[in-house]
Structures are given as C-alpha cells and as structure tokens.
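Structure first, then comments.
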Amino acid sequence: MFAEFVWPYGRSAKAPTLEILSVNPSVNTQTRSTPMVFVHGAFVGAWCWQEHFLGYFADRGYRAIAPSLRGHGQSESGGALSHAGIGEYVRDLERVTADLAGPPPILIGHSMGALVVQRYLERHPASAAILLAPVPPQGLMPSTLRMMMGDPLLMAQFGLMQTLGSGMADAELARRAVFSDRMAPEDLQRFAHRVQPESQRALWEMSMHGAARPWLVDAKPPVRVIAGEKDALFSESETRLTAGLWEADWHAIPGMAHAMMLEPGWETVAEEMIRGLWASGV
C-alpha cells in the first residue's frame, strides 16, 4: 500500500517542505536493511516512481522512497524554481537520506536525477548507485542540437512549456520526447498532464557541465548505468561515457525509450536493476 506524506523540513527559502512518497515491504515480505531512494529527472516529480517502481521494490523487501525535489510535484520551491540548481537538488537529497536507518542507501537516479546522485556521492556514501538514462558528461547541448535539427517543433513546444507552464504540454510532445509508440494513448495523456516546467538554472548547468566527478568520491560504491535503446534524448554512446567515468557496468534495454520507469516493459528495467544489486551483494 502506498503512503504519501510530507516531511516537515520547514518553510524557509533554504529548507522547503518536500513531498516524499514511500512504500514499505509488507509484513509477509523478507525485509532488506538497505533502503532505496529514487531521484526523478527534469520536468516531473516523485509520482513517476509511484506508478510502478516503488511497489515493485517494496515487494522485494526494500523500503522504497522517492522525494519530489524542490519545486516539483507537491514540494515547495523555497523561492523561484528558476533559481534552483543541481546543488540545491543535492541538498534536498541529503535531507531525505539524513535520518534513514540502516546501511547507506541504494540511490537510483533518472536523467537529471542521475546527475544529482553522482554529485551526492562526492560527499556521502551509498551502498550502490543505479543511473538510468543519465545526462551525458558533455551535458545537454548535443541532445538540444539534435532536437533543434531533427524536430524543431518539439524544441519550440518545450520552450512554450517553460515559458507558459505545464498547460502547454500535450501527449504528442511527451511521446516524441520521452516515450515510445508502444505507450497506450490513455496513459500517455495521463502522464503528459503531470509534466511541469523545470528550473532554467538547472537546465543551464546540465547544458554546460553534466559530467560526473568520480575523482572526488572517497569510496566508490558499485555503480551501474542502464540505457534505453530507443532513447530520443541520450544516445547509447553518450550513456556509455558516464559508465566509463565510473568504470561501471553498462546495459541497454532493447526497445526502451527515455522514461523507462513509465514505459511499457518497465519490468525489464526493474528486473535488470535487481539482478545488478543481487550480483553486488546489496
């Protein structure tokens, strides 16, 4: 059963209240001591993990936790969202993990969230990290240029959404950007309605510098990179570069688009994550 609640971190600009979605293993499930924390990507919130992943991993014994970063989902922004950068998102993650019981958490980051996880590791331990469709080391610029050249209308629609709000996001925009043609129309419409603007500062930072800095990590946890074969934003070769920086295992899911936690066939991604964790003894 899903439990949705807000942790009272205060209401100052420095500590906005965060929405936290959490699912615990049932009483009949063998519980694992290491919690899992899921960090969403740009333009969405913790809801993207609630659809499938939180319950899936709770059923396998993990306490599954997903925060909405400041200004996303039902979290407060603590000021203008456009002022939030990757550093602020890392601080949100730090607050979420600070009081977790058990060993250091397993961190799962998707896209922008994968960069947040990598920067978090510079200052904090983790039992493992799984990076799903991570922002490549060269940042968003190559992806942006491909979009400008290959689908200028999609680029223009993104600009309108950033300027005028989530009401400008439609199902076709979502499909071309992050989903495959396999997505059922009713699900596509439902997810598109939950897309939101992203911080301009965070987008700029990712455009200029999306690289991991593993040399700043004292003790590297097991790191795994999982890519989507049909990812329209980041190519397989780009995600391989992230894996190379961490000397990490890399795996591509056939037919999978960018928003792999919501895509049809999401179970394949979750099963691959579990295999990697069990192989690492986590």
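Worth pointing out:
- In region 74-87, the residues that are of a type in the set (Val, Ile, Thr) form Cβ pairs under 8 Å with partners that are outside any loop (DSSP other than H, G, I, E, B), at six or more places apart or across chains, as follows: 86/112; 86/115; 86/116; 86/119; 86/202; 86/205; 86/206.
- Out of 184, 219, 156, sole residue that is over 18 Å from residue 110 (Cα atoms), out of contact with any helix residue (DSSP H, G or I) (no Cβ under 9 Å at 6 or more places or on another chain), at pLDDT below 85 and surrounded by fewer than 14 Cβ atoms within 10 Å (Cβ to Cβ): 156
- None of 114, 84 is modelled with pLDDT of 95 or more, buried (at least 18 other Cβ atoms within 10 Å of the Cβ) and among the aliphatic types (A, V, I, L, M) except 114.
- Filtered residue count, region 249-260, keeping only those that are more than 22 Å from residue 50 (Cα to Cα) and within 18 Å of the chain's Cα centre (by Cα): 3
- Any hit, region 229-245, residues being aliphatic (A, V, I, L, M), part of a loop (DSSP other than H, G, I, E, B), in contact (Cβ under 8 Å) with a residue 40 or more places away in the chain and closer than 18 Å to residue 122 by Cβ: no
- Checking region 261-270 against the condition returns no match, with no residue being small (Gly, Ala, Ser), within 19 Å of the chain's Cα centre (by Cα) and buried (at least 19 other Cβ atoms within 10 Å of the Cβ).
- Sole exception among (1) out of contact with any helix residue (DSSP H, G or I) (no Cβ under 7 Å at 6 or more places or on another chain); (2) part of a helix (DSSP H, G or I); (3) among the small types (Gly, Ala, Ser); (4) over 14 Å from residue 225 (Cβ atoms) for residue 270, by number: (1)
- Of all residue pairs spaced 6 or more apart or on separate chains, those with beta-carbon atoms under 8 Å, a first member in region 101-116 that is in contact (Cβ under 8 Å) with a residue 60 or more places away in the chain and a second member that is aromatic (Phe, Trp, Tyr) and part of a loop (DSSP other than H, G, I, E, B) are 106/62; 111/234.
- Verdict on residue 61 being small (Gly, Ala, Ser), over 26 Å from residue 212 (Cα atoms) and either part of a loop (DSSP other than H, G, I, E, B) or in contact with a His (Cβ under 9 Å, 6 or more places away or on another chain) (or both): yes
- Summed over region 176-203, residues that are part of a helix (DSSP H, G or I) and within 18 Å of residue 134 (Cβ to Cβ) total 4.
- Residue list for region 60-81, filter: aliphatic (A, V, I, L, M) and buried (at least 18 other Cβ atoms within 10 Å of the Cβ): 64, 65, 66, 69, 81
- Looking across region 222-239, the residues that are farther than 19 Å from residue 112 by Cβ and surrounded by 15 or more Cβ atoms within 10 Å (Cβ to Cβ) come down to 222, 230.
- Screening region 22-55 for residues that are assigned to a loop (DSSP other than H, G, I, E, B) and of a type in the set (Ser, Thr, Tyr) and picking the one that is nearest to the chain's Cα centre (by Cα) gives 34.
The values are calculated or read from the model by the stated rules, or taken from the named source; none is laboratory data. Since the model is a prediction, treat every value here as computed from it, not as a measurement. In this analysis, Cβ positions are derived from the backbone assuming ideal geometry, glycine residues included, and neighbour counts consider all displayed protein chains.
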